[in-house]
Amino acid sequence: MQRRNFFGTSLSAGFLQGTSEPQIDREYQSGGTGGVGYQMPITIERKTSGKPHQGKVLAAIQPHCDDIPIFAGGTVLKLIDEGYTGYLITLSNDSMAGAGPSIGDIVLKNEKDTVEVAKRLNCKESIFLNYPNHNMDAWPIVEIRARLIFLFRVLKVDTVLVYDPSSLYERNPDHAVGAKAVESAFWMASSEWDYPEHFRAGLTPHGPKDAYYFARGPQLVNRVVDIGGYIDGKVHANLANVTQGPAGNTGAKLKARLAAQGKRLAILGNDDETANRNYTKYFALSRDRVRAKQHGLRYAEVFHYVSRDENPIDEYISQNVLPLQRFQR
Ligand SMILES: [Zn+2]
């Protein structure tokens, strides 16, 4: 009786006495309800001390062996340094890029390079899905998605890094199709209705909570990661891509070409190792300096960052929940 009176009185007064009206002032980005325009607030993500991500798992997903090292290598190094366990997942067989006597030779050399890239990025393992290079648009996205959902569940992936599925002017079908497959696998992996046969095999619904999307062309950037402390590690990882570059032996070749003309560039140093390292840092990865400058940093990688929508009721509960006894008296 008392309880009914309590509610009746309070509701007629407009709102529950003794409680606060929910203040939902955050925009929720990934569910399509946020009203996000072409300008977004940018978060600068800096190195944090300690291991705040201990126990978490990231999947760095790339169509080709040079994609992650070029666009997200510094961020992968940073996140793993902060506690993540990392997996490098390569979607294509990398048969179409690099020099060699045959297609099979290029595939093998790129595969070996990719394993070395994963090691240099401190990833635990390199996983290959072996789709046809340059032809992934002939492959059903739902099949790629299904394999990714299986991996997300098996590896218990919390965070993915991949090409932006909404980036503009992307002309490589492998980039576009791979990104689209990851985009849908991201949320379906945590659904109890999708691929229920996985559960018969002992898996449970599990999907990533956030994603770092990178792009070659224009994109809505809302996350800038300061990779100043990781640029040399990133250069080292890119140098493992000897077969298709863009780092590899390019600096040494340029030094040799100039030497044949009786010329030299001081920035390339006096030996091939310095030439390769400095060419990679100052030319092949120059976008990291250009993009960083706009945000007052020395080296940065930029992303459209997406996190799974949080239900605003959860935050409201944590701030306003009361012991049940209060209502039972
Ligand atoms: Zn690529």
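Structural remarks
- Hits in segment 292-312 (condition: closer than 30 Å to W187 by Cα and surrounded by 11 or more Cβ atoms within 10 Å (Cβ to Cβ)): A300, E301, V302, F303, H304, Y305, V306, S307, R308, D309, E310, P312
- Among the candidates M40, M96, residue that is within 16 Å of the ligand (Cβ to nearest atom), surrounded by fewer than 20 Cβ atoms within 10 Å (Cβ to Cβ), over 15 Å from the mean Cα position of the chain (by Cα) and part of a loop (DSSP other than H, G, I, E, B): M96
- Take the conditions (1) closer than 28 Å to D210 by Cβ; (2) of a type outside the set (F, W, Y); (3) part of a helix (DSSP H, G or I); I106 misses just one of them, which is (1).
- The residue of segment 132-160 that is nearest to K56 (Cα to Cα), among those that are without any contact (Cβ under 8 Å) to a residue 60 or more places away in the chain and among the aromatic types (F, W, Y), is F150.
Conditions (1) modelled with pLDDT under 95; (2) within 18 Å of the chain's Cα centre (by Cα); (3) in a helix (DSSP H, G or I); (4) under 17 Å from D67 (Cβ atoms), marked per residue:
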site: D113; (1), (2), (3), (4): no, no, yes, yes
site: A118; (1), (2), (3), (4): no, yes, yes, yes
site: H134; (1), (2), (3), (4): no, no, no, yes
site: D137; (1), (2), (3), (4): no, no, yes, yes
site: A146; (1), (2), (3), (4): no, no, yes, no
site: I149; (1), (2), (3), (4): no, yes, yes, no
site: R153; (1), (2), (3), (4): no, yes, yes, no
site: L161; (1), (2), (3), (4): no, yes, no, yes
site: L168; (1), (2), (3), (4): yes, yes, no, no
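- Residue count for segment 174-206 under the criterion of being crowded, with 20+ Cβ neighbours inside 10 Å and either in contact with a strand residue (DSSP E or B) (Cβ under 7 Å, 6 or more places away or on another chain) or of a type outside the set (A, V, I, L, M, F, W, C) (or both): the result is 7.
- Helices (runs of 4 or more DSSP H) completely within segment 223-329 that count 2 or more residues being of a type in the set (S, T, N, Q): 272-279, 312-320, 325-328
- Within this structure, L58 passes the test of being buried (at least 24 other Cβ atoms within 10 Å of the Cβ), more than 15 Å from the ligand (Cβ to nearest atom) and in a strand (DSSP E or B).
- If you check I80, I106, I89 for being out of contact with any strand residue (DSSP E or B) (no Cβ under 9 Å at 6 or more places or on another chain), more than 13 Å from the ligand (Cβ to nearest atom) and either within 18 Å of A181 (Cβ to Cβ) or β-branched (V, I, T) (or both), only one passes: I106.
- Note on segment 156-173: residues that are away from the ligand (no atom under 14 Å from the Cβ) and either β-branched (V, I, T) or buried (at least 19 other Cβ atoms within 10 Å of the Cβ) (or both) total 5.
The values are calculated or read from the model by the stated rules, or taken from the named source; none is laboratory data. Keep in mind that this is a model prediction, so the values were computed, not measured. Here Cβ is always computed from backbone atoms with ideal geometry, including for glycine, and neighbour counts include all displayed protein chains.
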